[in-house]
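This report concerns only the one structure given below.
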Amino acid sequence: MLRFIGLGLAAALSWTGQAMADAVSTFTLDNGLEVVVIEDHRAPVVVHMVWYRIGAADESAGHSGIAHFLEHLMFKGTDEVASGDFSAIVEAQGGNDNAFTSHDYTAYFQRVAADRLDLMMKMEADRMRDLRLTEEDVLTERDVILEERGQRTDSDPGALLSEQMSAAQFLNHSYGVPIIGWRHEIGALSRQDALDFYQANYAPNNAILVVAGDVTPDDVLELAKTHYGPLAPSDRITPRDRPSEPPQLTERRMVFADERVSEPYMIRTYLAPERNAGDQSEAAALTMLAELLGGSGTTSVFARALQFETQTAVWASAFYNGTSVDPDTFGVVIMPAPGISLADAEAALDGVIAKFLKDGVNPDDFARIKAQVRASEIYARDDAQALAREYGEALAVGLTVQDVQDWPAALQAVTPEDVMAAAHKVLDRKQAVTGWLTQEEAAE
């Protein structure tokens, strides 16, 4: 039965991949703006996204959090839209909007009825080069971000551990700086800091426009020329030359103890390569490795060995996302069962990893996971917003439209030998940071 389903999904993927390729069109305006159009006429809805190739890892020293700060400030006013009215206008059209910042990009999106696309482009283009910031806007929003940091990071022991681990993981690269910023540096960000960052980086030649839904490429191109075409490019866009990591010679370990911790766990991250344009094979192998080790709470290697066979863990998982500009991390995590110490849980997890590295990939597990990955890729094509995000994120980190379309095939081309080669390369404790999250009394 599984073999039959797998073959059916393979045929579906082949058709879907071709349809996807045929439905995607790309253009570049004279001012450097890249335009990607993904047609999907099943519902009269459109997703409009603008991605900027600027994120937390591109900030200058001492200005951590400025990329995220500007994300907030972009919802202030322009000459055409009053401060705070942007989202209200989108909502009045029956749509919704939001924005997000990562280490590698900042993105803004709206999901509206297809006949409202013209208005969305007009508004987004308006704030690309015409943002107006008052001193009051900046001070008010800075307080909002400090409060956000207080709620999401400073009051969350798990978030604090993650922040400390990232700082320890990257000895030289700016991925070690938190996206939201260090509190003392957020508090010092000024209106001029925000304007300098905005004027240098928010420009058509540093942006990608992705439109997905009930549209045609010709119509989108004409609208883009009308609204984005007149915008001047920035002459301050610089190559993303970031510091590289030196050879890492030893594991780093830390214990974060806090009385607020209710469920202790151990987490470990290893340095891992990213997806690269034209060569995604290693990232595909690491994606399959994460699925094999900890992708399922019932059938993965970790789940079977640690949750069911030995009942050492409440849950255990592995994770990896290679969509980044520079090498990032591959991670494993285990939450011990009641009565099991973190030391014993870590030892058990390491035992399972060692056995996997010795025994290799189980063929039945590998076939099952390939079918699941294939199915998830197909189902993802039903979500225009997810598709827009997939293309925008990829292009923002230096991948191409062809790389996005080749990714499903790259995953299916992975062999057990590829997985094991990636595992032996990445699961190296010398390039790892191991963290324990625990209670005060447990640490003592």
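The values are calculated or read from the model by the stated rules, or taken from the named source; none is laboratory data. Owing to the predicted nature of the structure, the values given are computational and were not obtained by experimental measurement. As a convention, Cβ positions derive from the backbone with ideal geometry for all residues, glycine included, and neighbour counts pool all protein chains shown. What goes into the accessible areas is simple: the full protein's heavy atoms, side chains included, and nothing from ligands, DNA or RNA. Shrake-Rupley method; radii C 1.70, N 1.55, O 1.52, S 1.80 Å.
For the stretch 92-116, the set of residues classified as under 17 Å from Val45 (Cβ atoms), touching a residue at least 60 places away in the same chain (Cβ under 8 Å) and open to solvent by 10 Å² or more (accessible area, probe 1.4 Å) consists of Phe109, Arg111, Ala113, Ala114, Asp115, Arg116, listed by residue number. Scanning for something more than 29 Å from the chain's Cα centre (by Cα), crowded, with 16+ Cβ neighbours inside 10 Å, part of a loop (DSSP other than H, G, I, E, B) and not aromatic (Phe, Trp, Tyr), does the stretch 339-353 turn up at least one residue? Yes, the stretch 339-353 has at least one match. Could you list, ordered by first residue, the pairs with Cβ atoms under 8 Å in which the first is in the stretch 221-244 and within 17 Å of Val210 (Cα to Cα) and the second is open to solvent by 90 Å² or more (accessible area, probe 1.4 Å) and outside any loop (DSSP other than H, G, I, E, B), at least 6 apart or interchain? From residues that are within 17 Å of Val210 (Cα to Cα), the pairs are His227/Lys122. Residues in the stretch 400-428 that are surrounded by 14 or more Cβ atoms within 10 Å (Cβ to Cβ), within 27 Å of Ser162 (Cα to Cα) and out of contact with any strand residue (DSSP E or B) (no Cβ under 7 Å at 6 or more places or on another chain): Val419, Ala422, Ala423, Lys425.
In the stretch 1-40, the qualifying residues are those that are open to solvent by 40 Å² or more (accessible area, probe 1.4 Å) and at pLDDT 95 or above, and the one that is farthest from the chain's Cα centre (by Cα) is Asp30. Can you confirm whether Ile54 is touching a Leu at 6+ places or on another chain (Cβ under 8 Å) and modelled with pLDDT of 95 or more? When the stated conditions are applied, Ile54 does not pass them. The C-beta contact set for the stretch 301-318 (first residue modelled with pLDDT of 95 or more, second residue charged (D, E, K, R), distance under 9 angstrom, 6+ apart or interchain) comprises Val301/Lys355; Val301/Asp365; Ala305/Lys355; Thr312/Asp344; Val314/Glu263; Ala318/Glu291.
Conditions (1) open to solvent by 30 Å² or more (accessible area, probe 1.4 Å); (2) within 16 Å of Met74 (Cα to Cα), marked per residue:
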| residue | (1), (2) |
| --- | --- |
| Thr140 | yes, yes |
| Ser162 | yes, no |
| Pro178 | no, no |
| His184 | yes, no |
| Ala194 | no, yes |
| Ser234 | no, no |
| Ile237 | yes, no |
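Please verify whether Thr434 is over 28 Å from Asp359 (Cβ atoms), surrounded by 17 or more Cβ atoms within 10 Å (Cβ to Cβ) and over 21 Å from the mean Cα position of the chain (by Cα), treating the condition exactly as stated. For Thr434, the condition - over 28 Å from Asp359 (Cβ atoms), surrounded by 17 or more Cβ atoms within 10 Å (Cβ to Cβ) and over 21 Å from the mean Cα position of the chain (by Cα) - is not met. Checking each residue in the stretch 319-338 for being closer than 18 Å to Gly351 by Cα, touching a residue at least 40 places away in the same chain (Cβ under 8 Å) and aliphatic (A, V, I, L, M) picks out Val332, Val333, Ile334, Met335.
Name the residue, out of Ser87, Ser60, that is polar (S, T, N, Q), surrounded by fewer than 19 Cβ atoms within 10 Å (Cβ to Cβ), under 24 Å from the mean Cα position of the chain (by Cα) and part of a helix (DSSP H, G or I). Quick ask: steps written out before the conclusion?
Working: Ser60 fails: part of a helix (DSSP H, G or I).
On inspection, the qualifying residue turns out to be Ser87.
Here is a check on your reading of the model: is Ala290 closer than 23 Å to Gly176 by Cβ and under 20 Å from the mean Cα position of the chain (by Cα)?
Yes.
Looking at the structure I just gave you, is Ala67 within 20 Å of Gln199 (Cα to Cα), in a helix (DSSP H, G or I), modelled with pLDDT of 95 or more and open to solvent by less than 30 Å² (accessible area, probe 1.4 Å)? Spelling it out, Ala67 is indeed within 20 Å of Gln199 (Cα to Cα), in a helix (DSSP H, G or I), modelled with pLDDT of 95 or more and open to solvent by less than 30 Å² (accessible area, probe 1.4 Å). Here Ile378, Ile369 are screened, and the one residue that is touching a helix residue (DSSP H, G or I) at 6+ places or on another chain (Cβ under 7 Å), more than 21 Å from Pro273 (Cα to Cα), surrounded by fewer than 20 Cβ atoms within 10 Å (Cβ to Cβ) and touching a residue at least 24 places away in the same chain (Cβ under 8 Å) is Ile378. One residue is enough: does the stretch 224-231 have a residue meeting the conditions touching a Ser or Thr at 6+ places or on another chain (Cβ under 7 Å), more than 20 Å from Tyr391 (Cβ to Cβ) and either small (Gly, Ala, Ser) or open to solvent by less than 30 Å² (accessible area, probe 1.4 Å) (or both)? Within the stretch 224-231, none of the residues are touching a Ser or Thr at 6+ places or on another chain (Cβ under 7 Å), more than 20 Å from Tyr391 (Cβ to Cβ) and either small (Gly, Ala, Ser) or open to solvent by less than 30 Å² (accessible area, probe 1.4 Å) (or both). Figure legend. Inter-residue proximity from the stretch 143-159: first residues at negative phi, second residues in a helix (DSSP H, G or I) and exposed (fewer than 14 other Cβ atoms within 10 Å of the Cβ), beta-carbon distance below 7 Å, spacing 6+ or different chains. Indicated pairs: Ala159/Arg152.
Quick check, is Ala167 of a type in the set (A, V, I, L, M, F, W, C) and farther than 29 Å from Phe86 by Cβ? Write out each step before concluding.
Working: of a type in the set (A, V, I, L, M, F, W, C): yes; farther than 29 Å from Phe86 by Cβ: yes.
When the stated conditions are applied, Ala167 passes them.
When the stretch 291-310 is filtered for residues that are open to solvent by less than 10 Å² (accessible area, probe 1.4 Å) and assigned to a helix (DSSP H, G or I), the ones remaining, listed by number, are Leu292, Leu293, Gly294, Phe302, Ala303, Leu306. Remark: Thr298 matches the filter, which requires a residue to be without any contact (Cβ under 8 Å) to a residue 12 or more places away in the chain and either farther than 30 Å from Met120 by Cα or not hydrophobic (A, V, I, L, M, F, W, C) (or both).
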